[in-house]
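Enquirer: Have a look at this one.
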Amino acid sequence: MRSLVHFAWLAATLTACATAVVSDVPEKDAGKTVDAAPLGSDASGAKDSGTSIVEDASPTQDAGTQNVDSGNNTSCTPFTGALAAFDLTSAPGNQTSTPATNVATDVTAGDLSRSSALTATSGAGSINSSNWATSTAADTTRYYTFKLTPKSGCALDLTSLSVTTAASKTGPTLASVATSDDNFGAMTAVSVGASDSPALAVSGASNAVEVRLYGYGASATTGTLRISGTLTVSGSLK
């Protein structure tokens, strides 16, 4: 009987010890060894959410306002002096027209020619014509002419014309120059039979300007008036 009691006590003691040993083992962390939060985010908010290593999707670089020449640059080369010259020294006189030999940058010069009312006539070293008006007032259908055109975006000034004229005995005794800038309204006298530099008053023209030289006061329509040597028109471009 005593042995049975002792055995029961011993069994109870061993059981209690085994339980204590098991309960003393630390519990395994179930679910805390792996962070369940998404990569790059901290539940506490202390960690940057990942934008510190990602390039800004809205760069500050200007993607369309760079200073690139689109091909529409219309700037002019400023110039003052002879805008165009017509060399007649080797011309036969009865040629239909004479092209400009020297033209300033950013200017286009049309040929020097005569109106259809005149008749081409031979005359070495010139452009020569007959059938001029016999009246003492300019006939606006009888003239020598040329045009100057500035580059788009430029402004053209015409200040003077350098010209030498000569007439036959029955040719014009009077001459004048006018421009399309005022629809040929203002005429400036030109000396006949001499070199002259009549003033032109064209300012800031942006389109083609026509210059005309009229001859009149002839004693017969068979008389001639020629432009000889070199005709030069001067002014500026800006």
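The values are calculated or read from the model by the stated rules, or taken from the named source; none is laboratory data. Keep in mind that what you see is a predicted model, and the values were worked out from it rather than measured. All Cβ positions, even for glycine, are placed from backbone atoms using ideal geometry, and neighbour counts span all protein chains on display. For accessibility, only protein heavy atoms count, side chains too; no ligands or nucleic acids. Shrake-Rupley method; radii C 1.70, N 1.55, O 1.52, S 1.80 Å.
Enquirer: Could you check T140 against (1) under 40 Å from the mean Cα position of the chain (by Cα); (2) buried (at least 16 other Cβ atoms within 10 Å of the Cβ) and say which number it fails?
Expert: (2)
Enquirer: Another question about this same structure. I need the full set of residues from the range 134-163 which are touching a strand residue (DSSP E or B) at 6+ places or on another chain (Cβ under 7 Å), closer than 30 Å to T77 by Cα and among the polar types (S, T, N, Q), in order please.
Expert: Scanning the range 134-163 gives T145, T149, T159, S160, S162.
Enquirer: Right, another one. Looking only at residues that are open to solvent by 10 Å² or more (accessible area, probe 1.4 Å) and without any contact (Cβ under 8 Å) to a residue 60 or more places away in the chain in the range 152-171, which one is farthest from G215 (Cα to Cα)?
Expert: In this case the residue turns out to be K169.
Enquirer: OK, next. Would you tally the residues in the range 106-135 being assigned to a loop (DSSP other than H, G, I, E, B), open to solvent by 40 Å² or more (accessible area, probe 1.4 Å) and not hydroxyl-bearing (S, T, Y)?
Expert: Adding up the residues that qualify gives 3.
Enquirer: Something else: Can you tell me which of (1) within 22 Å of T80 (Cβ to Cβ); (2) of a type outside the set (V, I, T); (3) surrounded by 16 or more Cβ atoms within 10 Å (Cβ to Cβ) is the one A175 doesn't meet?
Expert: Here A175 meets the rest and fails (1).
Enquirer: Quick check on the range 90-105: of everything there that is buried (at least 19 other Cβ atoms within 10 Å of the Cβ) and touching a Leu at 6+ places or on another chain (Cβ under 8 Å), which residue is farthest from A208 (Cα to Cα)?
Expert: T98
Enquirer: Considering only residues that are under 18 Å from A137 (Cα atoms) and touching a residue at least 40 places away in the same chain (Cβ under 8 Å), which ones fall in the range 187-210?
Expert: M187
Enquirer: Checking the structure you have, find out if any residue of the range 158-178 is under 19 Å from N102 (Cβ atoms) and touching a Phe, Trp or Tyr at 6+ places or on another chain (Cβ under 8 Å).
Expert: no
Enquirer: From A220, A175, A201, which residue is over 24 Å from V107 (Cα atoms), outside any loop (DSSP other than H, G, I, E, B) and either at pLDDT below 95 or not charged (D, E, K, R) (or both)?
Expert: The conditions single out A175.
Enquirer: Okay, moving on. Quick check: anything in the range 214-221 open to solvent by less than 10 Å² (accessible area, probe 1.4 Å), more than 24 Å from L83 (Cβ to Cβ), among the small types (G, A, S) and touching a Pro at 6+ places or on another chain (Cβ under 8 Å)?
Expert: Yes, the range 214-221 contains at least one residue that is open to solvent by less than 10 Å² (accessible area, probe 1.4 Å), more than 24 Å from L83 (Cβ to Cβ), among the small types (G, A, S) and touching a Pro at 6+ places or on another chain (Cβ under 8 Å).
Enquirer: Please go through the range 197-213 and give me each residue that is surrounded by 21 or more Cβ atoms within 10 Å (Cβ to Cβ) and over 14 Å from T164 (Cα atoms), ordered by number.
Expert: Those that are surrounded by 21 or more Cβ atoms within 10 Å (Cβ to Cβ) and over 14 Å from T164 (Cα atoms): L200, V209, V211.
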